[in-house]
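Everything below concerns the one structure shown next.
The values are calculated or read from the model by the stated rules, or taken from the named source; none is laboratory data. Every value quoted in this text rests on a predicted model; they were computed, and no experiment measured them. Ideal geometry is used to build each Cβ from the backbone, glycine not excepted, and the neighbour counts take in all protein chains shown.
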Amino acid sequence: MIERYVLGLEEVDKTQVALVGGKGAHLGELSRIEGVRVPDGFCVTTDAFRRILAEAPSIDDRLDRLSRLNPDDREVIRTLSAEIRGTLEGIAIPVDLAAAITRSLARDGEQAAYAVRSSATAEDLPTASFAGQQETYLNVVGPASILQHVSRCWASLFTERAVTYRLRSGFGHRKVQMAVVVQQMVFPQAAGILFTADPVTSNRKVASVEASFGLGEALVSGLVNADMYKVRDGEVVAKAVATKRLAIHAAPAGGTQEEAIDPERQEQPALTDAQVVRLAQLGRRIEAHFGHPQDIEWCLVDDGFQIVQSRPITTLFPIPAVDDQENHLYISVGHQQMMTDPMKPLGLSFWQMTTPRPMFEAGGRLFVDVVRDLGLPTSRTRLLEGFGKADPLIGDALHSILERGDFIPSLPDDGRRAAPAGGATPIETDPAIVTDLIGRNQESIAALKRDIRTKSGSALLDFILADIQELRRILFDPQSHAVLMSAMEATWWLNETLEAWLGEKNAADPLTQSVPHNVTSEMGLALLDVADVIRPHSEVVGFLQHVEDEGFLEELPTLAGGPEARNAIKTFLDMYGMRCVGEIDITRPRWSERPTTLLPVLLGNIKNFEPGAGAQRFEQGRQEARAKEQELLERLRALPEGEQKAEEVKRKIDRVRTFIGYREYPKYGMVSRYFVYKQALLEEAGRLVQAHVLSEKEDIFYLRFDELHEVVRTSRVDYQLISQRKDA
């Protein structure tokens, strides 16, 4: 292979990161965008860096030692990195390599001023920010000085800060190479940073400009306060002009120097509004070229902007990828489920297959686009009322967006009337309805457990895909929906009405204590019952306090009282072991898989509660709810038309207590079904491991369902894809 030591920026594009580093690749790509001016220059490539490393084989041993260090081993990191830098800076650049660099200076003149800038291959990536880890030298004059500063840039790959950052980020020191960018120096009237998306609010329609007089290093280093501008739709919508007492300018003998700004200029804006708008438009052109919001360094020279860097903004939360220019308003699904952590690909795909409407993915999380719902008058009312009661923060956000008036399209109603909140047809307050719904759900899960045992290979995944339709049928059963909405409607009615009639706030809360069929409350009470079984056996309690291994249940029978403790825990896990934190993600470890996660709560119950606390707490809640009901009804009867009001409230209370406990059950049924799927899929994954298709069973969590189906069908897997998703 012919080594290329120097490339002009005009020869470089974004595909050449391995050769010219992130900064060099971005600058080369920037120079290709019409209307974007980039200072002339060239790149000293990573081929040159590798040749220099080959001149110092002693560095290998130090790199090995660095790789084994903990990021907190600061003293050792400081010593080793300083030794490596000293070695690199002490290497004489070979004659042919030095000649290649100095020849490239001839185009602008050897005595011209240059900026010499590091460009690491792990710098300015879309997924990580290594910016600022290495060095930049400004106003470097003369071939000898430029060669010296190229060596310093190579050595800066091993600053203490850069080494520590790579250790924390899991980047191997040998995997990162260093190129160097040498560009003609520009001497700007003003310079600064342009973010094509607001870095504070993440609003991608607002550009943020920071500007100061002189070179941008004053701003980047924090030496001066910057003027701040916000630009939206071609207009400056916010501006704050700072007092700028200092600026950094090029020094006559090379390098830079601080200079005081004349008092009369200190509070003048560094840019006019027209220049700010023009800069923002230039940023939009650059953003469109790269396809991501950009963090851009710019210089103003003779009323024209020159771009000296552009890199992706890595701190923005990603947004769902769509290929239209329409407005979208995404609501987080996870927040509604008390699940804000990212989900693995298999978990995402199961949830998307389960839900009745499209789900959009970003950052390992799922979102629903409600822009059309807000555009239609009928659905807008339902959405605002629903979130106003269920999640006031999101409700307020929806109102704020509507009040802007320019984001949500106004759509005519499609002629379909909204279904009543309680369902298509009203239902009676009949406890048998809930009992029947739960019974049918349990029968369906029992049938699933029986039938899935005989399935394997592609047939298993086909079976699961078909069974998800049964899950959807149960989840979105009209009668089930009617029960849920009737309970919520009655709850809202009680809270609003009793506050209006009696001044009683949140009256439904005490009235819904100890309701029947609340599977989450029953689970908590059941764990109190497990504590009752274990509490008398001190040897078991002592053993559980020091458990670390998930196989502890098999050790219990050897202890006094151990068989009883094991049976109690197993009985609990049979009923609730499919649950866990973040349980809507099928890939999350369940309590049955990691029973040690229950022990802190179980031991707390043993210590803090008396025997029989479960039944006692349930009965106490029931009596308190009953007493509160009687108190409210008596107060109502003392009002004008009191008997009528009391009767109406009594009907609503009965409705709430009959139906509200069922609210948790559909999710419990879904999670139960997911666990059956998961167990069967892990068994299939075990066969793939035995066949050497997968490295470990949990690899399937990093595949979407259709990808897993293909792996099972073909016995071939893309390990690189799995590895990338594990590292994400």
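Before moving on, here are some points about what is shown:
- Condition check for LEU279: closer than 24 Å to ARG32 by Cβ and either out of contact with any strand residue (DSSP E or B) (no Cβ under 6 Å at 6 or more places or on another chain) or not polar (S, T, N, Q) (or both): yes
- Set side by side, the residues LEU316, LEU300 differ, and just one is in a loop (DSSP other than H, G, I, E, B) and either over 29 Å from LEU411 (Cβ atoms) or not assigned by TED's automatic domain parsing to the domain that holds VAL116 (or both), which is LEU316.
Table: residues versus (1) basic (Lys, Arg); (2) under 23 Å from GLY439 (Cβ atoms).
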{"site": "GLU610", "(1), (2)": "no, no"}
{"site": "ARG617", "(1), (2)": "yes, no"}
{"site": "GLU634", "(1), (2)": "no, no"}
{"site": "GLU641", "(1), (2)": "no, no"}
{"site": "VAL649", "(1), (2)": "no, no"}
{"site": "LYS652", "(1), (2)": "yes, no"}
{"site": "PHE659", "(1), (2)": "no, yes"}
{"site": "GLY669", "(1), (2)": "no, yes"}
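- Tallying residues that are in a helix (DSSP H, G or I) and among the hydrophobic types (A, V, I, L, M, F, W, C) within the range 1-35 yields 8.
- One residue stands out among those in the range 63-94 that are in contact with an Asp or Glu (Cβ under 7 Å, 6 or more places away or on another chain) and aliphatic (A, V, I, L, M): the one that is nearest to CYS153 (Cα to Cα), which is ILE91.
- Helices (runs of 4 or more DSSP H) lying entirely in the range 527-606 (those with 1 or more residues that are of a type in the set (Val, Ile, Thr) and surrounded by fewer than 17 Cβ atoms within 10 Å (Cβ to Cβ)): 562-576
- A Cβ distance below 6 Å, combined with a sequence gap of six or more or placement on separate chains, defines the contacts here; from the range 389-411, residues that are assigned to a loop (DSSP other than H, G, I, E, B) reach residues that are surrounded by 10 or more Cβ atoms within 10 Å (Cβ to Cβ) in the pairs PHE407/ASN327; PHE407/ILE401; ILE408/LEU374; ILE408/GLY375; ILE408/LEU402; PRO409/GLY375; LEU411/GLY375; LEU411/LEU376.
- Residue within the range 502-516 that is on the phi > 0 side of the Ramachandran plot and touching a Gly at 6+ places or on another chain (Cβ under 7 Å) present: yes
- Search result, residues across the range 169-183 that are crowded, with 18+ Cβ neighbours inside 10 Å and either touching a residue at least 60 places away in the same chain (Cβ under 8 Å) or touching a Pro at 6+ places or on another chain (Cβ under 6 Å) (or both): HIS173, GLN177, MET178, ALA179, VAL180, VAL181, VAL182, GLN183
- Sole residue being assigned to a loop (DSSP other than H, G, I, E, B), in contact with a Leu (Cβ under 9 Å, 6 or more places away or on another chain) and either within 15 Å of LYS239 (Cβ to Cβ) or of a type in the set (Ser, Thr, Tyr) (or both), chosen from SER202, SER208: SER202
- Residues that are surrounded by fewer than 13 Cβ atoms within 10 Å (Cβ to Cβ) and either touching a strand residue (DSSP E or B) at 6+ places or on another chain (Cβ under 8 Å) or hydroxyl-bearing (Ser, Thr, Tyr) (or both) within the range 48-66 comprise just one, SER58.
- The single condition from (1) assigned by TED's automatic domain parsing to the domain that holds GLU89; (2) modelled with pLDDT under 90; (3) buried (at least 20 other Cβ atoms within 10 Å of the Cβ) that LEU219 fails is (1).
- Each residue in the range 469-494 was checked for being under 14 Å from TYR677 (Cα atoms) and crowded, with 18+ Cβ neighbours inside 10 Å, and 1 of them qualify.
- Screening GLN720 with (1) more than 29 Å from ASP477 (Cβ to Cβ); (2) surrounded by 14 or more Cβ atoms within 10 Å (Cβ to Cβ); (3) free of Cβ contacts under 8 Å to residues at least 60 places away in the same chain gives one miss only, at (2).
- Across the range 196-220, the number of residues qualifying as polar (S, T, N, Q) and within 28 Å of ARG117 (Cα to Cα) comes to 3.
- If you go through the range 121-177 and pick out every residue that is among the small types (Gly, Ala, Ser), modelled with pLDDT of 90 or more and in a helix (DSSP H, G or I), you end up with 5.
- The listed residue being out of contact with any Phe, Trp or Tyr (no Cβ under 6 Å at 6 or more places or on another chain), under 30 Å from CYS299 (Cβ atoms) and surrounded by fewer than 21 Cβ atoms within 10 Å (Cβ to Cβ), out of PRO39, PRO94: PRO39
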